[in-house]
Amino acid sequence: MALGRLQVTDFRCLQSAELHLDPHFTLISGPNASGKTSVLEAIYVLGRGRSFRTRRLEHLIRHGAERFVVFGEVDTLTRGVPLGVEGSRTGMRARIDGDKPPSLAELALFLPVQIIDPEVHRLIEEGPSRRRRFVDWGVFHVEQSFVGHWQRYQQVLKQRNAALKNHQPRAVTAVWDSDLVRSGDLLTAARARYVATLSPFAERIAHHLLGMELSLSYRTGWTKDLSLKDALEQSWTHDQETGATQVGPHRAELGIRLNGAPVKDRISRGQQKLLAAALLIAQIKLFPDDSPVQPTLLLDDPAAELDDAHLGSLIGEVSSQAVQLIVTTLHAEFSAFGEPGARYTMSNGQVSTG
């Protein structure tokens, strides 16, 4: 399955836009600030239920409008499955094949989407939460039970933190510990398995793009020689003082080292971008072969900040992936990925074919 049709209303600078996307390669060209990235962002929101550019929902709504709507149709062997996301200042809601999903995460089952953009270095540069989301998106697609464990852990963690914030006695707070440990252990095991499987793919691609030796590790979010149960008990005083649970999978981290050294603040912006791209491409390569859906990879201005040699290496890696590729560029002619099956031009928030 691939995203076949996209309709966008009152999203960023896009008052109304409709695109029919090729299952293999679509090229969107136009000058800066013409709306190219907004199209990619709309696709990302449709597949993720959130933006890759902002956490503030109101920033996605076109000036003067009350809400935005993004509608897509995912083509299957038998029919198109409609997906829809509507956002207003009060929140976001979604529909999948006409029904309200249990959570926005369900959108990814029909439209698994990743993006490599000029800000992709933030996966390396920013804090652990972004890397946890990266890992969780991958596990979500290879272990069907993962989302249930993740949701249960978040629910129980919220209840435990509420008890801590309200200064409940230990006996009351500890009511949540067994559920937290049970779901947390399952969550941790799934993440660790995924990182171990991802590592060799990421190492090979990183060596190709960077010429450096990459190593990944999964850090659980508590002292490694303790169980989660023991870590919670040991952290009780600290939890009381801070009013929040200080250990657990919500504090986990993806450890990343290049040539044996931690990467944070030790490599250039261009190297960060290539390393992040290597992780995302490896994640797509690990996507299950028997999945009924095809990943969609958004590539926003791939030439930005990369020299010709590194751009060529990145294009080579992307070209070898079995994905629906949607690329934006400043120039109407961009032959790196061959002839696009669909071509669009953007100007002042307006989209035209050709």
Subset tally (residues that are closer than 18 Å to residue 132 by Cα, of a type in the set (D, E, K, R) and either without any contact (Cβ under 8 Å) to a residue 60 or more places away in the chain or surrounded by fewer than 19 Cβ atoms within 10 Å (Cβ to Cβ) (or both)) for segment 166-201: 2
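Table: residues versus (1) buried (at least 20 other Cβ atoms within 10 Å of the Cβ); (2) free of Cβ contacts under 8 Å to residues at least 12 places away in the same chain; (3) among the hydroxyl-bearing types (Ser, Thr, Tyr).
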position	(1), (2), (3)
44	yes, no, yes
60	yes, no, no
63	no, yes, no
72	yes, no, no
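Consider residue 78 carefully, then state whether it is open to solvent by 10 Å² or more (accessible area, probe 1.4 Å), under 23 Å from the mean Cα position of the chain (by Cα) and of a type in the set (Ser, Thr, Tyr). Write out each step before concluding.
Details: open to solvent by 10 Å² or more (accessible area, probe 1.4 Å): yes; under 23 Å from the mean Cα position of the chain (by Cα): no; of a type in the set (Ser, Thr, Tyr): yes.
No.
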Output the number of the condition that residue 320 fails; it satisfies all remaining conditions of (1) over 23 Å from the mean Cα position of the chain (by Cα); (2) of a type outside the set (Lys, Arg); (3) loosely packed, with under 15 Cβ neighbours inside 10 Å. (1)
Return the residues of segment 8-41 that are surrounded by fewer than 21 Cβ atoms within 10 Å (Cβ to Cβ) and under 20 Å from residue 293 (Cα atoms); say none if nothing qualifies. 20, 22, 23, 24, 25
Odd one out for residue 56, checked against (1) free of Cβ contacts under 8 Å to residues at least 40 places away in the same chain; (2) surrounded by 16 or more Cβ atoms within 10 Å (Cβ to Cβ): (2)
Could you tell me which numbered condition residue 142 fails, if it satisfies all but one of (1) open to solvent by 50 Å² or more (accessible area, probe 1.4 Å); (2) modelled with pLDDT of 95 or more; (3) of a type in the set (Val, Ile, Thr)? (2)
Those residues of segment 323-333 that are within 15 Å of residue 40 (Cβ to Cβ) and open to solvent by 20 Å² or more (accessible area, probe 1.4 Å) come to a total of 1
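The values are calculated or read from the model by the stated rules, or taken from the named source; none is laboratory data. Since the model is a prediction, treat every value here as computed from it, not as a measurement. Positions of Cβ are backbone-derived with ideal geometry, glycine not excepted, and every protein chain shown enters the neighbour counts. Heads up: the accessible areas ignore ligands, DNA and RNA and are worked out on the full protein's heavy atoms, side chains in. Shrake-Rupley method; radii C 1.70, N 1.55, O 1.52, S 1.80 Å.
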